[in-house]
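Visitor: Below you'll find the structure I mean.
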Amino acid sequence: MRVPSIKKVTTYFSKAKEITCLKLGINVSIAYVTKFQYNEEEKSYTVLGGVVTVWNEKDGFAPIIKTKCESEECKDCKKCNENKN
């Protein structure tokens with residue numbers, strides 16, 4: 001599989017609120033993550049710090065479980081209320 005650019009990874013997860021980490025196999029919040037790093041040895045992208053894997057050569061992109069609301073002014077829409085759980 002071809003390694004995506006850092007820009008593609010950042011864009012792909014820009015609206016992600018929660019994903020399933022490819023390395024840990026658990027759901028984790030990435031709502032406030034803005035920086036990712038490439039690990040040459042493991043051929044994977046992780047959030048800055050290297051704990052949560054968001055892309056790897058074998059699996060591709062991590063599944064997005066929850067997304068951020070698309071409206072900047074939203075405070076109490078149905079989508080946000082459903083995603084608080």
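The values are calculated or read from the model by the stated rules, or taken from the named source; none is laboratory data. Computed from a predicted model, the values in this text were never measured in an experiment. For neighbour counting, all protein chains shown are included, and Cβ atoms are generated from backbone atoms with ideal geometry for every residue, glycine included. Accessible surface is based on the protein model in full, side chains and every heavy atom, while ligands, DNA and RNA are left aside. Shrake-Rupley method; radii C 1.70, N 1.55, O 1.52, S 1.80 Å.
Visitor: Sort out which residues of the stretch 21-38 are open to solvent by 30 Å² or more (accessible area, probe 1.4 Å) and either in contact (Cβ under 8 Å) with a residue 40 or more places away in the chain or hydroxyl-bearing (Ser, Thr, Tyr) (or both), and write them in order of number.
Guide: Taking the stretch 21-38 and keeping what is open to solvent by 30 Å² or more (accessible area, probe 1.4 Å), we get 22-27, 29, 32-35, 37-38.
Result: 22, 29, 32, 34, 38.
Visitor: Here's a check for you: in the stretch 39-85, which residue that is of a type in the set (A, V, I, L, M) and open to solvent by 70 Å² or more (accessible area, probe 1.4 Å) is modelled with the highest pLDDT?
Guide: First pass over the stretch 39-85, keeping only residues of a type in the set (A, V, I, L, M): 47-48, 51-52, 54, 62, 64-65.
Add one more test, that the residue is open to solvent by 70 Å² or more (accessible area, probe 1.4 Å), and what stays is 48, 51, 65.
On the way: 48: 91, 51: 92, 65: 96.
The qualifying residue modelled with the highest pLDDT is 65.
Visitor: Return a yes/no flag: does the stretch 7-25 have any residue that is touching an Asp or Glu at 6+ places or on another chain (Cβ under 8 Å) and assigned to a strand (DSSP E or B).
Guide: Within the stretch 7-25, none of the residues are touching an Asp or Glu at 6+ places or on another chain (Cβ under 8 Å) and assigned to a strand (DSSP E or B).
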